Amino acid sequence: MKVKYSLYIIAIFLMIIFILFSLKHEKSGKLNLINNSKYTIGIITSNWHNKSTTKNFGVDYKYNIQNIQYENQISRDLKLNNKYLLVYDSSNISNLSELLLIYPLPDSLEAPINGWKYNEVPISIDSVKIRKYVLNED
């Protein structure tokens with residue numbers, strides 16, 4: 001009986017450590033995203049879909065950097081072909097990106113091959129607002 005109880009305590013303790021490590025790692029990645037940020041256009045490429053063996057709940061989106069297409073999903077119900085500003089980690093392009101739903105873009109806007117630096121984005125953006133959005137700070 002005591003052995004089972006001890007194993008449960010150890011399992012719960014290890015689970016808590018794993019969760020804390022995962023949260024710290026995610027926050028670290030998002031800080032890299034903020035510190036090495038460049039911007040491009042993310043385009044919604046699907047309608048809402050339910051979870052299946054290959055996809056998560058939400059919609060798919062794509063973006064291009066240096067003529068390479070990247071794809072991801074977001075758990076929001078967004079309209080097909082809508083464009084949004086997307087921030088990505090320029091030091092590790094395939095590492096992390098975030099679709100910035102706070103900055104919808106006009107259909108006529110085209111992204112440069114290598115993305116935009118902060119001061120090159122052709123719309124008015126706010127770095128503090130982006131940081132809060134990416135880090136989920138209110």
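Restricting attention to region 20-59 and to residues that are modelled with pLDDT under 85 and among the aliphatic types (A, V, I, L, M), the residue that is nearest to VAL87 (Cα to Cα) turns out to be LEU31. Of note, LEU109 does not satisfy the criterion of being at pLDDT 85 or above and under 12 Å from the mean Cα position of the chain (by Cα).
The values are calculated or read from the model by the stated rules, or taken from the named source; none is laboratory data. Computed from a prediction, not measured in an experiment: that's the story for all the values here.
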